[in-house]
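Below: the structure, in structure tokens.
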Amino acid sequence: MKFISANLESLRQLYHNQLRMLLDTEEQITDALPKMVSKATDLELKQTFQTHLRETEVQITRLKQILNEELKAADAINCKVISALVTEAEDMITDTKDNSVRDAALIAAAQRVEHYEIAVYGAVRQWARILGKTEQASLLDQTIKEEGHADHLLTSIAERVNLDADKAA
């Protein structure tokens, strides 16, 4: 299985490649979040998804700023991982009939995405530091903090929603 489909001969090329992949990641998330908002029934969960959608739009702006500084113009590179996670989330939405069970599934799907993003942004931030891109590293760090905050909010909501889902059985 090929994880990165490019001829990457330097850390700088890898950095650019992963920034472009993160752009696609965030764009896919921007497409998926409205569906998750519409399917969530817990009001706090809906609000968390709506807030994160606005944050994701800002994250896209940050990535485009970094890419414009680095490459002057760059297209996104398809992120297969997020494509698979979004498909899995859509399947879980379809497969759940009870609202509280669906909310629990939505939280689990969203946290998978958050954890993936935190991992990739962490690697890319470190590369930015190594490459002497301290301002870019700072922008990436802002995104990592937002993703971590979203994950913590989802965990907090899950503590209540999962108990409701357990009663549905």
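Values in this text are rule-based calculations from the coordinates and carry no lab data. This structure is a prediction, so every number in the text was calculated from the model and none was measured. All Cβ positions, glycine included, derive from the backbone under ideal geometry; neighbour counts span all protein chains shown.
In what sequence, highest mean first, do 19-32, 48-61, 71-84 appear when ranked by Cβ atoms within 10 angstrom?
Final packing ranking: 19-32, 48-61, 71-84.
Among ALA165, GLN126, VAL86, which residue has its Cα furthest toward the positive end of the charge dipole of the chain, with +1 on Lys/Arg Cβ and -1 on Asp/Glu Cβ?
Working it through, the farthest residue towards the positive pole turns out to be GLN126.
Work out the length of the dipole vector of region 1-127 about its Cα centre, built from +1 on the beta-carbon of each Lys and Arg and -1 on the beta-carbon of each Asp and Glu, and round it to the nearest 20 debye.
For this selection, approximately 260 debye.
For THR155 and ASP31, what does the FRET efficiency come to when R0 = 25 Å and r is the distance between their Cβ atoms, rounded to the nearest 0.05?
0.55
Set the Förster distance to 22 Å, then compute FRET efficiency between LEU14 and LYS145 from the Cβ-Cβ distance, nearest 0.05.
After rounding, the FRET efficiency stands at 0.40.
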